[in-house]
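Notes for the one structure printed next.
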Amino acid sequence: MRGFETGQTVVRRDVHRSGRVWSELALRVVDDTGEALVTACVPGAQARWPALYAQARAEGDRAVRTEAFDAMAAGEWELAAGVWQETDLLLWKPPAAWFSVNAFFVPDGDGRRLRNWYVNFEHPTRRTEAGFDTLDLTVDLVVAPDLTGWEWKDEDEYAHVRRLGIVSDIEHRAVDAARGEVLAMLAARSGVFAQAERWASWRWEPAWPTPCLPRPVAVT
């Protein structure tokens with residue numbers, strides 16, 4: 001499949017093993033090389049995610065997030081329209097990696113500043129005509145802007161999805177290996193972290209419209 005062009009709209013989809021779409025997010029391509037697909041979005045970018053997840057975001061209730069995972073395990077969920085909020089997002093996704101490295105930017109005076117790096121553990125990329133598919137595996141690593149500190153996030157939810165069977169033993173072993181890979185990258189300042197200063201100075205291209213989803217998702 002051919003590469004994507006800079007500025008092109010693509011869609012990241014999280015797809016359950018059943019083949020059903022769990023979420024969609026519209027992004028724009030920053031760069032597409034053999035090393036990584038780099039994409040981005042800004043507040044207002046169109047998304048679709050499970051209705052319970054949308055409720056949890058709106059209410060700030062993590063208990064509802066747990067209900068959303070229960071719905072995933074049961075194969076019973078509905079998608080709700082949403083929009084990306086608050087941060088500019090830069091997403092660096094190596095094709096075969098069980099993770100993506102994300103940078104979140106927030107307002108700072110008249111500009112933006114890097115709030116933190118965020119490593120999302122997820123399935124390797126599966127390219128589609130419209131973008132790429134993966135599946136968020138819940139656990140995350142939050143890294144300081146200067147790479148001097150980090151902490152794990154959502155370990156409780158990860159344990160829950162393990163109990164539910166959403167994350168299999170094979171996927172769990174892949175996540176464990178990916179954790180070690182990411183920590184080694186941080187220690188060696190390799191991979192995306194070798195260019196941390198360059199990416200920290202990234203800014204959204206003003207000429208790019210806010211990313212929109214191309215069509216409604218089919219829910220089966």
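The values are calculated or read from the model by the stated rules, or taken from the named source; none is laboratory data. Note that this is a predicted model, so its numbers are computed, not measured. Cβ sites come from the backbone with ideal geometry, for glycine too, and all protein chains shown count toward neighbours. The area values use the complete protein model at the heavy-atom level, side chains included, leaving out ligands, DNA and RNA. Shrake-Rupley method; radii C 1.70, N 1.55, O 1.52, S 1.80 Å.
Descriptive notes on the structure:
- Listed by position, the strands (runs of 3 or more DSSP E) inside segment 2-86 whose residues that are on the phi < 0 side of the Ramachandran plot and in contact with a helix residue (DSSP H, G or I) (Cβ under 7 Å, 6 or more places away or on another chain) number at least 2 are 79-83.
- Top-ranked residue in segment 148-182 [being surrounded by 12 or more Cβ atoms within 10 Å (Cβ to Cβ) and part of a strand (DSSP E or B); ranked as farthest from the chain's Cα centre (by Cα)]: 150
- Qualifying residue in segment 135-142 (condition: in contact with a Cys (Cβ under 7 Å, 6 or more places away or on another chain) and in a strand (DSSP E or B)): no
Let's see how each residue does on (1) under 25 Å from residue 162 (Cβ atoms); (2) open to solvent by 20 Å² or more (accessible area, probe 1.4 Å):
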{"position": "34", "(1), (2)": "no, yes"}
{"position": "39", "(1), (2)": "no, no"}
{"position": "53", "(1), (2)": "yes, yes"}
{"position": "60", "(1), (2)": "yes, yes"}
{"position": "68", "(1), (2)": "yes, no"}
{"position": "90", "(1), (2)": "no, no"}
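- From the list 62, 48, 28, the lone residue that is among the basic types (Lys, Arg) and farther than 23 Å from residue 131 by Cα is 62.
- Here residue 31 fits the description: modelled with pLDDT of 95 or more, acidic (Asp, Glu) and more than 13 Å from the chain's Cα centre (by Cα).
- Residue match in segment 128-147 (condition: of a type in the set (Phe, Trp, Tyr) and either farther than 16 Å from residue 66 by Cα or open to solvent by 20 Å² or more (accessible area, probe 1.4 Å) (or both)): yes
- Hey, residue 82 surrounded by 18 or more Cβ atoms within 10 Å (Cβ to Cβ), at pLDDT below 95 and not polar (S, T, N, Q) or not: yes
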